[in-house]
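Peer 1: My questions will all concern the structure given below.
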Number of protein chains: 2
Amino acid sequence: MSFEITKELLQTVSSHVEVSNDVALSSLFQDMHHADIAEVLDEISFDEAVYIIKLLDSQTTSEVLMDLDVDIREKILRNLSAKEIADEVLELDTDDAADIIGELPEERQEAVISQIEDEEHAKEIEELLTYEDYTAGSLMAKELVKVNENWTVTKCVREMRVQAEEVTRVHSIYVVNDQGKLKGRLSLKDLLVAPARAHIADVYIPKVDFVKVNDDLDEVSNIMRKYDLEAIPVVDENDILLGRITIDDMVDVIKEEADKDYQLAAGLMDDVEADDTIFELTKARLPWLILGLFGGLGSVLIMEGFESAMNNYKELFFFTPLIAAMAGNVGVQSSAIIVQGLANDTVKGSLFNRLLKEIGLSLINGVVLGVILIAVGPLMGLQSQFSLTISISMLCVIIVASLVGTFVPIVLDRRGIDPAIATGPFITTSNDIFGIFLFFVIAKAILVF
Amino acid sequence: MSFEITKELLQTVSSHVEVSNDVALSSLFQDMHHADIAEVLDEISFDEAVYIIKLLDSQTTSEVLMDLDVDIREKILRNLSAKEIADEVLELDTDDAADIIGELPEERQEAVISQIEDEEHAKEIEELLTYEDYTAGSLMAKELVKVNENWTVTKCVREMRVQAEEVTRVHSIYVVNDQGKLKGRLSLKDLLVAPARAHIADVYIPKVDFVKVNDDLDEVSNIMRKYDLEAIPVVDENDILLGRITIDDMVDVIKEEADKDYQLAAGLMDDVEADDTIFELTKARLPWLILGLFGGLGSVLIMEGFESAMNNYKELFFFTPLIAAMAGNVGVQSSAIIVQGLANDTVKGSLFNRLLKEIGLSLINGVVLGVILIAVGPLMGLQSQFSLTISISMLCVIIVASLVGTFVPIVLDRRGIDPAIATGPFITTSNDIFGIFLFFVIAKAILVF
C-alpha cells in the first residue's frame with residue numbers, strides 16, 4: 001500500500017505544470033496524503049513546487065509545508081509574503097506554526113505574527129517561541145482538551161465538544177482547578193457513565209503523569225516510553241497546565257536525536273542523507289577529516305621526536321597504527337556507553353566508582369590483549385622483551401584512553417554541552433595522538449633508548 | 001513528578017522483605033506504576049524480587065514482568081512453573097504474551113501454551129510466535145476492534161463494546177468484509193452521528209493505511225512516522241486483517257534499533273549499559289578490540305615488508321597512523337550514510353551513479369586535504385616531492401576507503417545481513433590495513449625504493 005514516487009509520476013506532474021493544466025494537477029493531488037505531496041515537491045524543480053503550492057488549498061498547503069525538506073521549505077517561505085505565511089500558519093496547530101515561524105529570520109517572525117488573524121493563536125505561538133530548544137515547551141502544542149473540576153458532567157461535555165474541534169486527536173481530557181492548575185485527568189469512559197449532574201471533581205482520576213515546561217526532551221522521552229504514554233501534559237513551575245506533547249512529535253524527536261548521535265559518532269556534521277548533493281556531503285564530512293589530518297600530523301611530530309629509537313627499535317614504529325587504533329577504539333567504546341547512559345538516564349553512582357570500574361575494565365581488556373600479543377609475538381619474530389614492552393605500553397594506553405572516553409562526555413554534559421560531540425573523530429583523534437605519545441614514553445622508559 | 005529510586009526506598013523494601021511484612025509491601029507497591037515496580041525489582045536482590053513477584057496480584061505481576069530487564073525476567077521465569085507462567089500470560093495482550101513465551105527455551109514454550117486456560121488466546125499467541133523476527137507480524141497484537149461492513153450501526157456499537165473491553169486503547173475501528181478482508185476504518189465520531197439503522201458500508205472511510213505481515217519493521221516505522229499514525233493494521237497477502245501495531249511498541253523498536261546501530265558503530269557488541277557488570281561490558285567490548293589487535297598486527301607485517309624504505313624515507317613510517325586514521329574515518333563516514341539511508345529508505349538510484357558520486361566526493365575531500373598537507377609540509381621540514389607523494393597516496397586511500405565504506409553495507413543488505421555491522425571497528429580495521437598497504441605501494445611507485 002505504501003506510496004512510491006515513480007519517474008512517470010514526476011514526469012506527469014512536470015508536464016502538467018508546463019502547460020498549466022490546473023485541473024489535472026488538482027485531481028492528481030486531491031486524494032494524495034500531504035506527506036506524499038511533500039515527497040513529490042521535494043523531488044521536482046523549485047519553480048514547479050512553488051506553482052503547485054500556490055494551486056493547492058490553504059489547509060493542504062500548510063500541511064505540505066510542514067512535511068517538506070527544511071531547505072525547500074525555507075526557499076518557498078522566502079517567496080511568500082508575511083501575510084501569505086500568516087494565513088498558512090493559521091491552519092496549523094500551534095506547535096507546527098511555531099516551528100515554521102521559528103525557522104524565519106527574526107525580523108520576519110514579528111511581521112508574520114502580527115498578520116495572523118486569530119489573536120489568541122498568535123499569542124500562543126509567541127509563547128511557544130519563547131521556550132528554549134530541546135525543552136518540553138519547545139515541542140508542546142497549546143491545543144488540548146481541558147475541563148474545570150468544578151464543572152458538572154453536562155457542562156463538561158458541552159465545553160469539550162467546542163474544544164475538541166480544534167484538537168486533531170483527543171488523547172486525554174485534563175482536569176484543572178480555577179487557577180488552571182493541573183489536577184488530574186478524565187477518561188471518556190468515566191465521563192460517559194457518570195451521572196449528568198455529578199461534578200468533575202467527583203469523577204476524575206487524580207493521578208496523572210506530567211512534565212515541566214523546562215524539562216529536557218530526553219527526560220520527556222524517557223517518561224513517555226517508560227509509561228507507554230501517547231500524550232503528556234506540560235505544566236509550568238506553579239503546576240499551571242500550559243500544553244501537551246503527543247507521541248507522534250516525540251517519535252520524530254527520538255529518531256532525529258538518534259540519527260544525529262549516530263552521525264556524530266560516525267564523524268558527520270550536519271544532518272546529511274545519501275541523496276544530498278556532493279557539496280552538502282562535503283560540508284558534513286570534510287571538517288572532521290581536516291581534524292583527523294592535523295591529528296595525524298601531530299603523531300608525525302611525536303614520532304620525529306623519538307626518531308633516535310629507529311636505530312635499535314624500528315619495530316616500535318610499525319606498531320603505531322595498532323596503538324592508535326586501540327586508543328581510538330577504546331575511547332569511542334567508553335564514550336558511546338556514557339553518551340547513551342546520559343541520554344537514557346542510566347548513569348548513576350559516584351564519579352569515583354565509575355573511575356574504578358573503567359580502570360578495572362581496561363585492566364581486563366588490556367591484559368587479555370597483552371597476553372594475545374605476547375603469545376603471537378614469536379610467530380612474528382618479535383623478541384619476548386619487546387612483546388612485553390609493547391603489551392605494557394598498550395595496557396597503559398588503553399587505561400588512559402578509556403578514562404578520557406568516559407570523563408570527557410561527563411564533563412561536557414555537566415557544562416551543558418551535548419556529550420555526543422565527544423564521540424567519533426574528536427575522541428579518536430585526540431586519543432590517537434595521546435596514545436602514540438604515551439606508547440613511546442613508556443617504551444623509552446622500559447627499553448632505555 | 002518523575003519517579004526516582006532512592007537508597008531509602010530500596011532499604012525499606014529490603015527490610016520489609018526480610019521480616020516478611022507483606023502488609024507494608026502491598027501498601028507500598030499498591031499505587032506504584034508497574035514500570036516503577038519493575039525498576040525497583042531490577043535493583044534489589046533476586047530473592048527479594050521473587051518474593052515480591054509472588055506477593056503482587058496476577059495482573060500487576062504480568063505487567064511488571066514485561067517491564068523487567070530481560071535477564072532478570074529470564075531468571076524469574078525459570079523459577080516459575082509452566083502453569084504459573086501460563087496464568088501470567090493470560091493477563092497480557094497477545095503481543096506481550098508472545099514476547100515472554102518467545103524468550104523461553106523451546107521445550108518450555110509448548111508446555112506453557114498448553115496450560116493457557118483461554119484457548120483462543122493460546123491459539124493467537126501461537127500464531128504470533130510463527131512470524132519472523134523484525135517483521136510486522138512479530139510486533140503486532142491480535143487485540144483490535146473490528147466490525148463487519150454489513151452490520152448496522154446498532155449492531156456495530158453492541159459488538160464494539162464487547163471487543164473494546166479486551167483492547168487497552170482503541171485507536172481505530174477497522175472495517176472488514178465477510179471474508180475478513182480489511183476494507184477501511186471508522187471514526188468514532190462518524191459512528192456516533194450515523195443513523196442507528198444505517199449500515200457500516202455506508203459510513204466507513206474506505207482509505208486506510210496498512211502493512212503486510214511480512215513487511216520489515218523499518219518499513220512499518222517509516223510509514224507510521226511519515227503519516228503520524230498511532231496504530232496501523234496488519235494484513236496477510238490476501239488482505240485479511242490479522243492484527244495491529246501500536247505506536248508505543250514501535251517507539252520501543254525505533255529506540256532499540258537506534259541504540260543498537262549506535263553501539264555497533266562505536267564498537268560494542270550486545271546491548272550494554274553503563275551500569276552493567278564489568279563482565280558484561282568486557283563481553284561487549286573485547287571482541288572488537290581483539291579484531292583491532294589482529295588488524296594492527298596485519299599493519300605491522302605490511303610495514304615489515306616495506307622495511308627497506310626506512311633508509312631513505314623513514315618519514316613514510318611516521319605517516320602511517322595518519323593514513324590509517326584517514327582510511328578509517330572516511331570508511332566510517334561513507335558506511336554510516338549508507339546504513340542510515342538503507343534504514344530510512346532514502347538510498348535511491350543506480351549503483352553506478354552512487355559509485356561516481358562517492359569518487360567525486362572523495363576527490364574533493366582528498367584534494368582539499370592534500371593541498372593542506374602540501375601547504376603545511378614545509379613547516380614540518382618535509383620536501384615538496386615527499387609531501388606530494390603522501391598527498392597522492394592519501395587521495396587514493398581516501399577514494400578506496402570510501403568505496404569500501406559505501407559498497408560493503410549495500411552488499412550486506414542485499415544478502416539480508418544487517419548492514420550496521422559494517423560500520424565501526426569492522427570497516428575501520430580493514431580500511432586501516434588496506435590503507436597502509438596502498439599507501440606504501442603508491443609511495444614506492446612514485447619514490448622508487
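The values are calculated or read from the model by the stated rules, or taken from the named source; none is laboratory data. These figures come from a predicted structure and were not determined experimentally. We place every Cβ from the backbone using ideal geometry, glycine too, and count neighbours over all the protein chains shown.
Peer 1: Condition first: of a type outside the set (Lys, Arg), touching a strand residue (DSSP E or B) at 6+ places or on another chain (Cβ under 7 Å) and in contact (Cβ under 8 Å) with a residue 60 or more places away in the chain. Can you find one or more residues in region B:201-213 that meet it?
Peer 2: The answer is yes; a qualifying residue exists.
Peer 1: Let me ask something else. Kindly indicate the residue of region B:64-95 that is touching a strand residue (DSSP E or B) at 6+ places or on another chain (Cβ under 8 Å) and of a type in the set (D, E, K, R) and also surrounded by the most Cβ atoms within 10 Å (Cβ to Cβ) among those meeting that condition. Spell out how you get there, then give the answer.
Peer 2: Step one: filter region B:64-95 for residues touching a strand residue (DSSP E or B) at 6+ places or on another chain (Cβ under 8 Å), giving B:93-95.
With of a type in the set (D, E, K, R) added as a condition, the list becomes B:93, B:95.
Working: B:ASP93: 20, B:ASP95: 22.
The selected residue is B:ASP95.
Peer 1: Kindly indicate which of A:LYS207, A:LYS183 is assigned by TED's automatic domain parsing to the domain that holds A:PRO233 and exposed (fewer than 13 other Cβ atoms within 10 Å of the Cβ).
Peer 2: A:LYS207 is the lone residue from the list that is assigned by TED's automatic domain parsing to the domain that holds A:PRO233 and exposed (fewer than 13 other Cβ atoms within 10 Å of the Cβ).
Peer 1: Can you spot a residue in region A:417-425 that is acidic (Asp, Glu) and assigned to a loop (DSSP other than H, G, I, E, B)?
Peer 2: Yes, region A:417-425 contains a residue that is acidic (Asp, Glu) and assigned to a loop (DSSP other than H, G, I, E, B).
Peer 1: Additional query: Can we say A:ARG285 is under 41 Å from the mean Cα position of the chain (by Cα), of a type in the set (D, E, K, R), facing chain B (nearest Cβ under 9 Å) and surrounded by fewer than 24 Cβ atoms within 10 Å (Cβ to Cβ)?
Peer 2: For A:ARG285, the condition - under 41 Å from the mean Cα position of the chain (by Cα), of a type in the set (D, E, K, R), facing chain B (nearest Cβ under 9 Å) and surrounded by fewer than 24 Cβ atoms within 10 Å (Cβ to Cβ) - is not met.
Peer 1: For B:SER172, all conditions in the list (1) modelled with pLDDT under 90; (2) over 15 Å from B:MET140 (Cβ atoms) hold save one; what is the number of the exception?
Peer 2: Among (1) modelled with pLDDT under 90; (2) over 15 Å from B:MET140 (Cβ atoms), the lone unmet condition for B:SER172 is (2).
For every residue, the table says whether it meets (1) within 11 Å of chain A (Cβ to nearest Cβ); (2) under 30 Å from the mean Cα position of the chain (by Cα); (3) within 30 Å of A:ASN312 (Cα to Cα).
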residue	(1), (2), (3)
B:MET326	yes, yes, yes
B:SER335	yes, yes, no
B:ASN344	yes, yes, no
B:LEU388	no, no, yes
B:VAL408	no, yes, no
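Peer 1: Taking region A:161-180 as the search range and keeping residues that are surrounded by 11 or more Cβ atoms within 10 Å (Cβ to Cβ) and of a type in the set (D, E, K, R), which one is farthest from B:GLU230 (Cα to Cα)?
Peer 2: Taking the candidates together, the pick is A:GLU166.
Peer 1: Just checking, which of B:SER172, B:SER187 is small (Gly, Ala, Ser) and under 13 Å from B:GLY243 (Cα atoms)?
Peer 2: B:SER172
Peer 1: Look through region B:341-351, keep the residues that are touching a residue at least 12 places away in the same chain (Cβ under 8 Å) and of a type outside the set (Asp, Glu), and return whichever of them is farthest from A:GLY267 (Cα to Cα).
Peer 2: Selected residue: B:LEU351.
Peer 1: Follow-up. How about region B:9-63: which helices (runs of 4 or more DSSP H) wholly inside it have at least 1 residues that are surrounded by fewer than 18 Cβ atoms within 10 Å (Cβ to Cβ), in contact with a His (Cβ under 7 Å, 6 or more places away or on another chain) and at pLDDT below 95?
Peer 2: On the way: elements: B:22-30, B:34-43, B:46-55.
Once the helices (runs of 4 or more DSSP H) in region B:9-63 are filtered for at least 1 residues that are surrounded by fewer than 18 Cβ atoms within 10 Å (Cβ to Cβ), in contact with a His (Cβ under 7 Å, 6 or more places away or on another chain) and at pLDDT below 95, what remains is B:22-30.
Peer 1: Give the residues of region A:186-215 that are among the charged types (D, E, K, R) and over 40 Å from the mean Cα position of the chain (by Cα), sorted by residue number.
Peer 2: A:ARG197, A:ASP202
Residues are listed down the side, and each one gets a yes or a no for (1) touching a residue at least 12 places away in the same chain (Cβ under 8 Å); (2) of a type in the set (Ser, Thr, Tyr); (3) within 30 Å of B:ASP69 (Cβ to Cβ):
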{"position": "B:ALA258", "(1), (2), (3)": "no, no, yes"}
{"position": "B:TYR262", "(1), (2), (3)": "no, yes, yes"}
{"position": "B:ALA265", "(1), (2), (3)": "yes, no, yes"}
{"position": "B:GLU280", "(1), (2), (3)": "no, no, yes"}
{"position": "B:LYS283", "(1), (2), (3)": "yes, no, yes"}
{"position": "B:GLY298", "(1), (2), (3)": "yes, no, no"}
{"position": "B:GLU307", "(1), (2), (3)": "no, no, no"}
{"position": "B:LYS314", "(1), (2), (3)": "no, no, no"}
{"position": "B:PHE318", "(1), (2), (3)": "no, no, no"}
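Peer 1: Okay, next question. Could you list all residues from region B:248-264 that are more than 7 Å from chain A (Cβ to nearest Cβ) and within 8 Å of the chain's Cα centre (by Cα)?
Peer 2: Step one: filter region B:248-264 for residues more than 7 Å from chain A (Cβ to nearest Cβ), giving B:249-250, B:253, B:256-257, B:260, B:264.
Those that are more than 7 Å from chain A (Cβ to nearest Cβ) and within 8 Å of the chain's Cα centre (by Cα): B:VAL253, B:GLU256, B:GLU257, B:LYS260.
Peer 1: If you go through region B:358-371, how many residues are in contact with a Ser or Thr (Cβ under 9 Å, 6 or more places away or on another chain) and at the interface with chain A (Cβ under 10 Å from one of its Cβ atoms)?
Peer 2: Counting residues in region B:358-371 that are in contact with a Ser or Thr (Cβ under 9 Å, 6 or more places away or on another chain) and at the interface with chain A (Cβ under 10 Å from one of its Cβ atoms) gives 9.
Peer 1: Restricting attention to region B:225-243, does a residue exist that is surrounded by fewer than 19 Cβ atoms within 10 Å (Cβ to Cβ) and either assigned to a helix (DSSP H, G or I) or in the same structural domain as B:GLU124 (by TED's automatic domain parsing) (or both)?
Peer 2: Yes, because at least one residue in region B:225-243 is surrounded by fewer than 19 Cβ atoms within 10 Å (Cβ to Cβ) and either assigned to a helix (DSSP H, G or I) or in the same structural domain as B:GLU124 (by TED's automatic domain parsing) (or both).
Peer 1: Let me ask you something else. Tally the residues that are of a type in the set (S, T, N, Q) and under 21 Å from B:GLY377 (Cα atoms), restricting the search to region A:263-313.
Peer 2: Of the residues in that region, 1 qualify.
Peer 1: Here's another thing I want to ask about it. For region B:1-51, which positions are more than 30 Å from A:ASP216 (Cβ to Cβ) and among the hydrophobic types (A, V, I, L, M, F, W, C)?
Peer 2: B:VAL17, B:VAL19, B:VAL23, B:ALA24, B:LEU25, B:PHE46, B:ALA49, B:VAL50
Peer 1: In region A:242-262, is there at least one residue being of a type in the set (Lys, Arg) and more than 20 Å from B:LEU264 (Cβ to Cβ)?
Peer 2: Scanning region A:242-262 turns up at least one residue that is of a type in the set (Lys, Arg) and more than 20 Å from B:LEU264 (Cβ to Cβ).
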